[in-house]
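Inspection log for the structure reproduced underneath, given as structure tokens.
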Amino acid sequence: QVQLVESGGGLVQPGGSLGLSCVVSGTIFRLFTMGWYRQSPGNQRELVATISSAGSTNYADSVKGRFTISRDPDLDTVFLRLNRLGPDDTAVYYCNAANEYNQVNYWGQGTQVTVSS
């Protein structure tokens with residue numbers, strides 16, 4: 001079974017930083033585009049950032065220049081660095097793995113990020 005386990009969420013003050021990680025198991029990591037999505041109460045889930053198996057990145061306009069996505073093939077892990085956080089960044093952040101060949105998607109359980117003073 002494919003499993004994605006997120007960690008690193010928590011409470012931070014506005015302007016602060018946070019690092020999230022997602023460990024992937026049960027599949028071949030290099031075949032997947034990895035992504036981070038987020039969802040706040042009453043809102044739809046939205047894309048935050050993606051990184052392909054080749055290292056190409058894509059960011060939502062709302063986080064561009066503040067967040068950085070990366071991956072470590074030796075650890076089967078994708079990371080998200082969140083800088084200059086604001087209250088609008090408060091959400092549950094979900095890790096996503098999308099197979100680049102068969103389009104099958106997998107999701108983690110999510111980790112809560114709360115930005116508040």
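The values are calculated or read from the model by the stated rules, or taken from the named source; none is laboratory data. Quantities reported herein were computed from a predicted structural model and do not represent experimental measurements. Heads up, the Cβs are rebuilt from the backbone with ideal geometry, glycines too, and the neighbour counts pull from every protein chain shown. Please note that ligands, DNA and RNA were not included when accessible areas were found on the heavy atoms of the full protein model with its side chains. Shrake-Rupley method; radii C 1.70, N 1.55, O 1.52, S 1.80 Å.
Quick notes
- Residue selected from segment 61-70 under the condition assigned to a strand (DSSP E or B) and not aliphatic (A, V, I, L, M), by the criterion farthest from THR90 (Cα to Cα): SER70
- Qualifying residue in segment 45-52 (condition: closer than 19 Å to VAL115 by Cα, without any contact (Cβ under 8 Å) to a residue 12 or more places away in the chain and not in a strand (DSSP E or B)): no
- Filter result for the condition that a residue is assigned to a loop (DSSP other than H, G, I, E, B) and surrounded by 15 or more Cβ atoms within 10 Å (Cβ to Cβ), over LEU75, LEU85: LEU85
- Within segment 9-39, tally of residues that are open to solvent by 30 Å² or more (accessible area, probe 1.4 Å) and either modelled with pLDDT under 95 or hydroxyl-bearing (Ser, Thr, Tyr) (or both): 9
- Pairing residues of segment 97-117 that are touching a residue at least 60 places away in the same chain (Cβ under 8 Å) and among the polar types (S, T, N, Q) with residues that are surrounded by 16 or more Cβ atoms within 10 Å (Cβ to Cβ) and part of a loop (DSSP other than H, G, I, E, B), at Cβ distances under 6 Å and at least 6 apart in sequence or on separate chains, gives THR111/GLY9; GLN112/GLY9; THR114/THR90.
- Taking the conditions (1) in contact with a strand residue (DSSP E or B) (Cβ under 6 Å, 6 or more places away or on another chain); (2) open to solvent by less than 70 Å² (accessible area, probe 1.4 Å) in turn, ARG45 satisfies each one other than (2).
- Flag for ASN58 being in contact with a Ser or Thr (Cβ under 6 Å, 6 or more places away or on another chain), open to solvent by 70 Å² or more (accessible area, probe 1.4 Å), not aliphatic (A, V, I, L, M) and not in a helix (DSSP H, G or I): yes
- In segment 88-117, the residues that are out of contact with any Ser or Thr (no Cβ under 9 Å at 6 or more places or on another chain) and not in a loop (DSSP other than H, G, I, E, B): ASN105, TRP107
- Looking at ASN102, ASN96, just one residue is open to solvent by 80 Å² or more (accessible area, probe 1.4 Å) and farther than 21 Å from GLY15 by Cα, and that residue is ASN102.
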